Amino acid sequence: MSRKGKAGKKALSPIDIYKLLPKTNCKECGEENCMAFATKIVNREAQLDQCLPLLKDQKSKTYSELKEILKPPVKEVTVGKGDNAVNLGGKLVMYRHEFAYSNPTAIAIDVTDEMSEEELLNRIKKTEKWAYEYIGFTLKLDMIAVRSTSNDPEKFKSTVKKIVENTKLPLILCSLDSNVMEAGLMTAPKNRSLIFSATSENWKSMAELSLMHNCPLVVSAPNNLNMLTSLTKTLLAYGVQDLVLDPGTFAGEGLSDTLNNFTMLRRAATKNGEELTAFPLIGIPMVAWNEKGSTADELIKWREAYLASSLIVRFADVIIIHGIDGWSLLPNTVLRQNIYTDPRKPVAVDSGLKVFGTPDENSPVFFTTNFALTYYTVASDIENSKLNAYLIVIDTEGTAVDAGVAGRKLTAETVAEAIKETGIEEKVKHKKIIIPGKASRISGEIEELSGWKVQVGPRDSSEIPKYLQEKWQP
């Protein structure tokens, strides 16, 4: 792989941005002054276009300079249109602990132009409807990958037409034959589909289709990074700017090469500033099905799932999967969600009083912290038990019960204040509160400061129904 390119960017400071801002302290951005706005910009908590004086003169040299400074090392490429469009890449750092990741890995489910209409529509429907609620987020799938296994332009055209008529999800059109690809693109001329892919043999015809239809283009050179960067340079010179890189995905013994190639490309972009590698990466976990032979489908799905998880962790911005079973998709959507949360900010919910069922003046009162995983676990256990209860959610800055107690984020003072602020005293005639078992060591202090009688509840919220049957008396 070529090592030519600009040196990696130095870390930005608010001063770097402040020097180029109007320095009027007009507050139109919502901040008190330009320095505060510059700090938010550097932390990616505000957008440059929130500065209205700058926005009025987007052709200015200063605006262009700021845009260049703030440009992420990995280019952001948009696939699709409207609300369902997917942004790929746009990464600022190699590792999430350095800052935070943006644009979670898009997951595409494949279909082929040789599937029956029933199978085709069924897979599209499953992809669209697949969803799972996880600590306040709805995990979903993102795209449809349409593969031409027939290599017949008319079949591909007909298949893409059916898909466009039945889903608004963005598409990845997959064929190495430019005639087949053109047939598919003509059916969805305004969809901004991702073209898969340009190779050393077909790059020119695919580049022309990309430019003609204003579609991003995948550059493919399996296990050959020098060829990949050479093709990228050629396509950029030809005028194609929105590229996605495919360094090849290999299962089994080829997994180490796969992960090494993905890692080298992302390192070259984020650490070394190599512009020919500064694009989103695509992985194809469904290659696990190529080695099927006599292997059972369940084992192939498992292999595909662990290959997908490896690619999500190792910098893939979009992956194509064949298996659509919940058990194989769920772990990877949860993994993706966890990786793409901001490590600088605890995942928290709003504090306050939550009501479950139809509680009355004799109903039990619990409390928990506003750490999202803790809250949704407790809330789910209460809901699933069909209990009528009140739950006070205390602001512990996103820490769990045991960590909150240990770190003095959950104290008798915060509990007593929450009891008063939520108005729970006006809703129940008893003055009893059930506290988490992991907060038992502050039970006496809570009683003293709040005036409420404390009952130490279970350490695990799944035991709440049993606890209420045995020990709750209003």
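The values are calculated or read from the model by the stated rules, or taken from the named source; none is laboratory data. In this text, all values refer to a predicted model and were calculated from it rather than measured experimentally. Cβ coordinates were reconstructed from backbone atoms using ideal geometry, including for glycine residues, and neighbour counts include every protein chain displayed. For accessibility, only protein heavy atoms count, side chains too; no ligands or nucleic acids. Shrake-Rupley method; radii C 1.70, N 1.55, O 1.52, S 1.80 Å.
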Consider the range 106-155. How many of its residues are buried (at least 19 other Cβ atoms within 10 Å of the Cβ) and more than 25 Å from A316 (Cα to Cα)?
3
For the range 296-304, indicate whether the set of residues that are among the hydrophobic types (A, V, I, L, M, F, W, C) and within 18 Å of the chain's Cα centre (by Cα) is non-empty.
no
Answer yes or no as to whether F315 is among the hydrophobic types (A, V, I, L, M, F, W, C), in contact with a strand residue (DSSP E or B) (Cβ under 8 Å, 6 or more places away or on another chain) and either modelled with pLDDT under 95 or more than 24 Å from L255 (Cβ to Cβ) (or both).
no
Take the conditions outside any strand (DSSP E or B), over 22 Å from T199 (Cβ atoms) and either in contact (Cβ under 8 Å) with a residue 12 or more places away in the chain or among the basic types (K, R) (or both) and apply them to A183. Does it pass?
no
Of the residues in the range 136-170, how many are part of a strand (DSSP E or B) and under 19 Å from I320 (Cα atoms)?
7
Quick check on the range 74-99: of everything there that is of a type in the set (D, E, K, R) and modelled with pLDDT of 90 or more, which residue is nearest to I312 (Cα to Cα)?
K91
Find the residue count for the range 50-104, including only residues that are touching a strand residue (DSSP E or B) at 6+ places or on another chain (Cβ under 7 Å) and either surrounded by fewer than 17 Cβ atoms within 10 Å (Cβ to Cβ) or within 25 Å of C29 (Cα to Cα) (or both).
5
Take the residues of the range 422-462 that are in contact (Cβ under 8 Å) with a residue 60 or more places away in the chain, over 17 Å from P474 (Cβ atoms) and of a type outside the set (S, T, N, Q): which is surrounded by the fewest Cβ atoms within 10 Å (Cβ to Cβ)?
G423
Failed criterion for I282 (all others in (1) open to solvent by less than 70 Å² (accessible area, probe 1.4 Å); (2) touching a residue at least 24 places away in the same chain (Cβ under 8 Å); (3) assigned to a helix (DSSP H, G or I); (4) of a type outside the set (S, T, N, Q) hold)
(3)
Search the range 288-317 for residues being outside any loop (DSSP other than H, G, I, E, B) and among the hydroxyl-bearing types (S, T, Y), and hand back the single one that is farthest from Y95 (Cα to Cα).
Y306
Can you say whether I320 is open to solvent by less than 10 Å² (accessible area, probe 1.4 Å), within 19 Å of V334 (Cα to Cα), out of contact with any Phe, Trp or Tyr (no Cβ under 8 Å at 6 or more places or on another chain) and not in a helix (DSSP H, G or I), as far as the supplied structure shows?
yes
For the range 444-453, does any single residue satisfy the condition of being within 17 Å of G352 (Cα to Cα), assigned to a loop (DSSP other than H, G, I, E, B), in contact with a helix residue (DSSP H, G or I) (Cβ under 8 Å, 6 or more places away or on another chain) and at pLDDT 95 or above?
no
Looking at E253 and the list (1) within 26 Å of L311 (Cβ to Cβ); (2) in a helix (DSSP H, G or I); (3) modelled with pLDDT of 95 or more, which single condition is not satisfied?
(3)
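Per-residue answers, yes or no, for (1) surrounded by 21 or more Cβ atoms within 10 Å (Cβ to Cβ); (2) among the small types (G, A, S); (3) without any contact (Cβ under 8 Å) to a residue 40 or more places away in the chain:
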position: L259; (1), (2), (3): no, no, no
position: A269; (1), (2), (3): yes, yes, no
position: N272; (1), (2), (3): no, no, no
position: W289; (1), (2), (3): no, no, yes
position: L311; (1), (2), (3): yes, no, no
Quick check on my filter: what residues within the range 200-223 are outside any helix (DSSP H, G or I), surrounded by 16 or more Cβ atoms within 10 Å (Cβ to Cβ) and within 29 Å of the chain's Cα centre (by Cα)?
C215, P216, L217, V218, V219, S220, A221, P222
Residue under question is T277, and the condition is that it be surrounded by 24 or more Cβ atoms within 10 Å (Cβ to Cβ), closer than 24 Å to I324 by Cβ and hydroxyl-bearing (S, T, Y); does it hold?
no
For the range 377-396, which residues satisfy the criterion of being closer than 13 Å to S462 by Cβ and touching a residue at least 40 places away in the same chain (Cβ under 8 Å)?
T377, V378, D381, I382, S385, L387
All conditions in (1) part of a loop (DSSP other than H, G, I, E, B); (2) at negative phi; (3) surrounded by fewer than 20 Cβ atoms within 10 Å (Cβ to Cβ) are true of T377 except (1)
Quick one: what pairs do we get from the range 118-130, first residue farther than 10 Å from N166 by Cα, second crowded, with 17+ Cβ neighbours inside 10 Å and of a type in the set (G, A, S), C-beta under 9 Å, 6+ apart or different chains?
T127/A108
Across the range 333-374, what is the number of residues that are small (G, A, S), part of a strand (DSSP E or B) and open to solvent by 30 Å² or more (accessible area, probe 1.4 Å)?
1
Meets criteria (over 21 Å from F196 (Cβ atoms), part of a strand (DSSP E or B) and out of contact with any Cys (no Cβ under 6 Å at 6 or more places or on another chain)) for E133
yes
Per the filter on the range 383-403, residues surrounded by 23 or more Cβ atoms within 10 Å (Cβ to Cβ) and polar (S, T, N, Q) are T396
